[in-house]
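The values are calculated or read from the model by the stated rules, or taken from the named source; none is laboratory data. Small disclaimer: the values here were computed from a predicted structure and weren't measured. Because the Cβ atoms are built from the backbone with ideal geometry, glycine has one as well, and the counts that use them run over all protein chains shown. All accessible areas refer to the heavy atoms of the entire protein, side chains included, with ligands and DNA or RNA removed. Shrake-Rupley method; radii C 1.70, N 1.55, O 1.52, S 1.80 Å.
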Amino acid sequence: MSMPAPDCCHRPHDVLAGFDAARELARAMVRPTARHEIVPLAAATGRILARPVVAPHALPPFDQAAMDGYAIRLGDGGGHAAALPLCGTTEAGDPPARLASGTAHGVMTGGALPEGADTVVMIEATRRIGGRILFEPGPTPGSHIRRAGEDVPAGVVVNHPGDRLDWAQIGLLAALGIGAVCVAAPIRIAVLTTGSELRPAGSMLSGGAIHDSNGPMLAALLGGPGTEIELVTVPDDRAAIAANLAIAARGCDLVVTTAGMSVGGRDHVRDAVADSGGTLDVVKVAMKPGKPLALGRIGAAIFVGLPGNPQAVACGALAFLRPMIDALAGRPPGSPLFAAAAFAQGARVDRRTALVPVHLSHRQGRLIAEQAGPEGSHRLAPLAAADAVAVVPPLAGLMPGALVEVLPFGAPGTSGGYGR
Ligand SMILES: Nc1nc2c(c(=O)[nH]1)N[C@H]1C(S)=C(S)[C@@H](COP(=O)(O)OP(=O)(O)OC[C@H]3O[C@@H](n4cnc5c(N)ncnc54)[C@H](O)[C@@H]3O)O[C@H]1N2
Ligand code: MOO
């Protein structure tokens, strides 16, 4: 029996890392880049904040009327069906007026409460007779006033480093008059799809060629306001892969490859990482699909080698790359999301964590995960029909209704959402 040549791809001593341990290691390998930039608020959606934001003024900035009506001082008898002369009106945007004793002052919603007033009475609870306002009995003292600072007091920290700025934060910061924010600079990611069989979408196929789906899929999955993605396709040539890895590692925070990770004669990625001066800490992870997954470094860049099968690529990206990108941008880990599994895995004897594309829906107030298609790491259709990937622990007899962690396709906290 002949032994494999030393640089052949049979690697009997490859250690299979546990899925949870590999995820922890991936996160621990990453430090925030410490590159920041100032961007206008209008361009900040989806970015990760690098500095705290302190409220420069209160919200509301001054005491305001919460309804269209009349500002009075209740001690002047306005609560007892008194008729008070109307002296002036304050619209939203007008400077604050002063309430003369024994008078009513018109105020529109958002208008500054006149000095000396303690209550606003809605127009509907009054009658106007000539120049006087007649009040129905019983207005509640202090009603229909928005107090300065009741929403946000001046000087409080409204957003912390690591917060993702979504539409709600943009609204709050705009109300505070903040025109620009300091955010993490874009995370630079190189995606090298390796494979001599790959052709770009839009080109004709011939022979055994296929269209590259991993590159465009990863660009879409990892791309966003806080990332810059460079896509390169490299043939199954060890020297070409090594050269491209070395170039990518010089300019990027994260270098990702797809394919060429297994034991085939043209699987060169691991050797190419070594050729480019890189090292690998993990070369196989106990997950299905996606077992030939490598974690390491090339120079200052983090290296993640994903297998070629598209479903394995998507699972690796959701479980490893997205959390690593968050960590590079200084975002703390989010809480895992759980759903009730509406699919059976039977009594699994597999020692690998299964990653199952699932469709998410809500039933009777519960988040439900249903398997989105047949198994097979080459299959893209189940992914396209799914909203998330469910993480099914190894050796678990998954009972219908059991809670499983799900990795939503639309990252929580972005407008992507999850479930349809
Ligand atoms: N003898 C063994 N064979 C295989 C093993 C094994 O342990 N022993 N593992 C299987 C598993 S699991 C996976 S996953 C794949 C991983 O293989 P590679 O990372 O070496 O990937 P390739 O063989 O190069 O490609 C696999 C598959 O994916 C297609 N592919 C590659 N790149 C793209 C792309 N950019 N877009 C679309 N599709 C792509 C490629 O054509 C192959 O069909 O190995 C198993 N085999
Ligand atoms: O790990 Mo492979 O991704 O099962 O096909």
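Remarks
- Subset of the range 261-289 (residues that are among the small types (Gly, Ala, Ser), within 15 Å of ligand 2 (Cβ to nearest atom) and touching a strand residue (DSSP E or B) at 6+ places or on another chain (Cβ under 7 Å)): Ala286
- Selected residue [under 24 Å from Arg352 (Cβ atoms), modelled with pLDDT of 95 or more, surrounded by 11 or more Cβ atoms within 10 Å (Cβ to Cβ) and among the basic types (Lys, Arg)] from Arg47, Arg51, Arg23, Arg35: Arg23
- Evaluation of Gly138 against the conditions (1) free of Cβ contacts under 8 Å to residues at least 24 places away in the same chain; (2) not in a strand (DSSP E or B); (3) not charged (D, E, K, R) shows that the sole unmet condition is (1).
- Qualifying residue in the range 71-88 (condition: under 24 Å from Gln169 (Cβ atoms) and assigned to a strand (DSSP E or B)): no
- Test result for Leu218, within 16 Å of ligand 2 (Cβ to nearest atom), hydrophobic (A, V, I, L, M, F, W, C) and more than 30 Å from Val158 (Cα to Cα): yes
- Residue within the range 203-211 that is small (Gly, Ala, Ser), touching a residue at least 24 places away in the same chain (Cβ under 8 Å) and surrounded by 14 or more Cβ atoms within 10 Å (Cβ to Cβ) present: no
- Scoring Ala317 on the criteria (1) at negative phi; (2) surrounded by fewer than 24 Cβ atoms within 10 Å (Cβ to Cβ) leaves a single failure, condition (2).
- Inspection of the range 265-284 finds a residue satisfying the criterion of being more than 11 Å from ligand 1 (Cβ to nearest atom), touching a residue at least 60 places away in the same chain (Cβ under 8 Å) and in contact with a Pro (Cβ under 9 Å, 6 or more places away or on another chain).
- Of Pro323, Pro292, all but one fail to be open to solvent by 10 Å² or more (accessible area, probe 1.4 Å), within 20 Å of Leu383 (Cα to Cα), more than 8 Å from ligand 2 (Cβ to nearest atom) and not in a strand (DSSP E or B); the exception is Pro323.
- Of the criteria (1) surrounded by fewer than 24 Cβ atoms within 10 Å (Cβ to Cβ); (2) among the hydroxyl-bearing types (Ser, Thr, Tyr); (3) in contact (Cβ under 8 Å) with a residue 60 or more places away in the chain; (4) more than 11 Å from ligand 2 (Cβ to nearest atom), which one Thr257 fails: (1)
- Summed over the range 319-373, residues that are under 20 Å from the mean Cα position of the chain (by Cα) and hydrophobic (A, V, I, L, M, F, W, C) total 14.
- Flag for Pro292 being under 20 Å from Val15 (Cβ atoms) and either away from ligand 1 (no atom under 16 Å from the Cβ) or without any contact (Cβ under 8 Å) to a residue 40 or more places away in the chain (or both): yes
- Residues being of a type in the set (A, V, I, L, M) and within 8 Å of ligand 2 (Cβ to nearest atom) - total across the range 299-312: 1
- Search result, residues across the range 334-360 that are touching a residue at least 60 places away in the same chain (Cβ under 8 Å) and basic (Lys, Arg): Arg351, Arg352
- Hits in the range 330-382 (condition: in a strand (DSSP E or B), more than 20 Å from Asn309 (Cβ to Cβ) and open to solvent by 20 Å² or more (accessible area, probe 1.4 Å)): Leu337, Phe338, Gly346, Ala347, His359, Ser361, His362, Arg363, Arg366, Leu367, Glu370
- Per the listing Arg297, Arg322, Arg331, Arg363, the residue uniquely basic (Lys, Arg), more than 16 Å from ligand 1 (Cβ to nearest atom) and without any contact (Cβ under 8 Å) to a residue 12 or more places away in the chain is Arg363.
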